[in-house]
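The values are calculated or read from the model by the stated rules, or taken from the named source; none is laboratory data. Only a predicted model underlies this, so the values are computations on that prediction, with no experimental measurement involved. Methodologically, a virtual Cβ is constructed for each residue, glycine included, from the backbone with ideal geometry; neighbour enumeration extends over all protein chains shown. The area values use the complete protein model at the heavy-atom level, side chains included, leaving out ligands, DNA and RNA. Shrake-Rupley method; radii C 1.70, N 1.55, O 1.52, S 1.80 Å.
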Amino acid sequence: QVQLVESGGGLVQAGDSLRLSCAASGLTFSRLVMGWFRQFPGKEREFVAAINWSGGSTDYADSVKGRFTISRDNAKNTVYLQMNSLKPEDTAVYYCAANLVLATMDKSEYNYWGQGTQVTVSS
């Protein structure tokens, strides 16, 4: 069973940066495709970024392209989301997710989820 634990959320001001981390256990990390999603209050969870097994391929939602960077360290079983130039509209609970097949925006393809970490951006 894969376990994912996010960390790094918090309260920041607009324009600041944060780095989220997600530590994985329970399966060979380099086999996992990893994604980040976020959920606004009362809304569906939405795709933020995804990265393939090697880290050689990434994908981003248009709303974060150029500001957020997903990366992974297979030696540390960890995936990161570097968030720069944060905006109040980035305020959400951020979730790490994993699957064994495909780096995709489709949340239904992800089998494993973390508990989420709150990111709040004040104006």
Report task. Have a look at Gly26, Gly56 and point out the one that is over 23 Å from Gln3 (Cβ atoms) and at pLDDT below 95. Result -> Gly56
**Report entry** region 1-53, subset open to solvent by 10 Å² or more (accessible area, probe 1.4 Å), in a loop (DSSP other than H, G, I, E, B) and among the hydrophobic types (A, V, I, L, M, F, W, C), residue farthest from Val121 (Cα to Cα)
**Finding:** Leu27
Report task. Quickly run through region 54-74 and pick out the residues that are of a type in the set (D, E, K, R) and surrounded by 15 or more Cβ atoms within 10 Å (Cβ to Cβ). Result -> Asp59, Arg67, Arg72
Report task. Please indicate, with yes or no, whether at least one residue in region 14-23 is of a type in the set (S, T, N, Q), in contact (Cβ under 8 Å) with a residue 40 or more places away in the chain and more than 17 Å from Val101 (Cα to Cα). Result -> yes
